[in-house]
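The values are calculated or read from the model by the stated rules, or taken from the named source; none is laboratory data. Source: prediction; values computed, not measured. In this analysis, Cβ positions are derived from the backbone assuming ideal geometry, glycine residues included, and neighbour counts consider all displayed protein chains. Heads up: the accessible areas ignore ligands, DNA and RNA and are worked out on the full protein's heavy atoms, side chains in. Shrake-Rupley method; radii C 1.70, N 1.55, O 1.52, S 1.80 Å.
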Amino acid sequence: MNNGMNIAKGIGSGFVATIVLSAIMLMKQSMGVMPQLNPIQMITEMSGMGTLLVGWLTHFFIGTILWGVLYAWIDRSLPGPPWFRGATFATGAWLLMMILMMPMAGAGFFGLQMGMMAPVATLVMHWLYGAVLGAVYGAWARPEREQPVHA
């Protein structure tokens, strides 16, 4: 297995999943659903910068590079089909967000200062991100896995 190629596939898969997640986040905001739950605004405010561009760039860095590379590294150790492995992985990312990032952003443990729906909504969004991440990674890695091994 070529780890460099898997890392590239992880980054590519993370980028696709981040685009899907971003579209869902934008739709949620435009519909006025839980407007207080705005991760881009939270990241921007935590950075101390006055522009949402910083929030978006950080969001894409985390979803594409950080989670994409980490997923490529642990994919094979997770159970189930690719989409399920991705959702399982994303559950861990969600837990880190709830325990570390939400309190740092002033939203409290599990974001409960925004209401009971905050942890549920963020979990569903993470599962969607993870399912896309795993499915895309699995599709891109499949040809590599199916190649015969030569002695």
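Write down the accessible area per residue of region 3-44 in Å², having rolled a 1.4 Å probe over the full set of protein chains.
47
Quick note on region 20-151: its Rg to Rh ratio, both from C-alpha atoms and Rh being the Kirkwood radius, is 1.04.
Summary value for region 1-107: 34 percent relative contact order, contacts being C-alpha pairs under 8 angstrom separated by 6+ residues. From largest to smallest, the equivalent ellipsoid semi-axes obtained for region 37-106 from the alpha-carbon gyration tensor read 27, 13, 9 Å.
For region 1-59, what is one quarter of the convex hull surface built on the Cα atoms, given in nm²? Walk me through the numbers before you get to the answer.
Details: hull surface 19.8 nm².
Here the figure is 5.0 nm², rounded to one decimal.
Across region 65-145, the relative contact order, built from alpha-carbon pairs under 8 Å that are at least six residues apart, equals 38 percent. Panel note: the C-alpha atoms of region 83-139, placed on their principal axes, show extents of 39, 18, 12 Å (largest first). Atom-type composition of the exposed protein surface of the chain places 75 percent of the accessible area on carbon and sulfur (1.4 angstrom probe).
Can you give the extra length, in nm with one decimal, that the chain gains between GLN29 and LEU78 once fully stretched, where that is 0.36 nm per residue apart less the Cα-Cα distance? List each step's numbers first, then the result.
On the way: separation 49, 0.36 × 49 = 17.64 nm, distance 3.26 nm.
Once the chain is fully extended between GLN29 and LEU78, it gains 14.4 nm.
With R₀ fixed at 25 Å, the C-beta to C-beta distance from ILE65 to VAL124 puts the FRET efficiency at about 0.60. Hydrophobic, long helices, defined as DSSP H runs whose alpha-carbon span along the helix axis is 27 Å or greater and whose mean Kyte-Doolittle value is at least 0.0, occur in the chain at 3-30, 117-146.
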